[in-house]
Each structure stands twice: as structure tokens, then as C-alpha cells.
Amino acid sequence: MASILFHIISGPNNTSKAMLGFLLARTAVEEGHKVEVFLSGDGVQLVRDAVMNNLTGLGTGSLKEHMDVLKNSGVCLYVSTMSCENRGIRDADLKGKLIKKVLPKTLLDLVLSTDKSLIY
């Protein structure tokens, strides 16, 4: 099986693109691949409860359902500390979720350690 990094930079302003990234990450996990998910830019806004609980893509499913499958499979989501700071994402927004705030070096490490990288 492959190890795949899904780098999601699209947020609620581009629902179709963001949701496609999560749908494919979920599909990869369900197929038995090792999955890493990194959110940066507008993508960090997807961790807000109001967004996560209500965002549904056209033909790409529910963000909450995708997040639940990833979490239940042990997939940790990495979020850019700088993107969070610039978009008002606080630690309280991450509480109870399998999400880690990290610096850019983590993204570089993930790119170098996975077989494939997909950007949405």
C-alpha cells in the first residue's frame, strides 16, 4: 500500500475542491493506504465546528462524515500554525479533535516521507 499526503489549501470558499480532497483521503484510508492530511491557507477554516458540521460538497459528501472516518482510522490532521493565526483559528477550535498545529517544516517532512502528494 502507498503512503499519500493530502495537502488541502481550499476552504469553505471552494467547497468542491476542499471536499474532493477529503473524499479522496477517506477513500484512500478505506482502501488501506497510509494517509496524512495537512491543512493550510484557507483549508484551516474547515476545522471550525460550524463549517465541519454543515459543509457538504456537490457529489462529494459531508465533511463531518469524512472527518469522522479519518479520525476513527487514527489519521491525525496537521494544521498550519501560521494559517490558523492569520484566520483566527484558536486552540479551542481544535479541542477534542485529532488535530495538531505545526510549523512549515512538518509539511516538508511529510512531502519527503510519503509516496505521493495531492493538493486540493
task: Evaluate the following for Thr81: is it over 16 Å from Leu110 (Cβ atoms) and surrounded by 17 or more Cβ atoms within 10 Å (Cβ to Cβ)?
output: no
- prompt: Looking at region 1-26, which of its residues are within 19 Å of Lys101 (Cβ to Cβ) and either in a strand (DSSP E or B) or among the acidic types (Asp, Glu) (or both)?
  reply: Leu5, Phe6, His7, Ile8
message: Any residue in region 27-49 that is closer than 22 Å to Met82 by Cβ and assigned to a strand (DSSP E or B) sitting within a Cβ distance under 9 Å of a residue that is of a type outside the set (Phe, Trp, Tyr) and at pLDDT below 95? List the pairs, counting only those 6 or more apart or interchain.
response: Glu36/Cys76; Val37/Cys76
field: First in region 6-21 and crowded, with 21+ Cβ neighbours inside 10 Å, second anywhere and among the hydroxyl-bearing types (Ser, Thr, Tyr) and assigned to a helix (DSSP H, G or I), Cβ under 9 Å, 6 or more apart
entry: Ser10/Ser16
task: Please work out if Ala92 is part of a helix (DSSP H, G or I), loosely packed, with under 15 Cβ neighbours inside 10 Å and among the hydrophobic types (A, V, I, L, M, F, W, C).
output: yes
task: Would you check if there is a residue in region 29-45 being out of contact with any Ser or Thr (no Cβ under 7 Å at 6 or more places or on another chain) and farther than 22 Å from Asp115 by Cα?
output: yes
- line: Gly74 fails exactly one of (1) crowded, with 17+ Cβ neighbours inside 10 Å; (2) more than 17 Å from Thr106 (Cβ to Cβ), namely (1)
task: Give region 95-120 a look and list any residue that's in contact with a helix residue (DSSP H, G or I) (Cβ under 8 Å, 6 or more places away or on another chain), crowded, with 16+ Cβ neighbours inside 10 Å and of a type in the set (A, V, I, L, M, F, W, C), or say none.
output: Ile99, Val102
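The values are calculated or read from the model by the stated rules, or taken from the named source; none is laboratory data. If you're wondering where the values come from, they're calculated on a predicted model, not measured in any experiment. Glycine also receives a Cβ, built like all others from the backbone with ideal geometry; neighbour counts cover every protein chain displayed.
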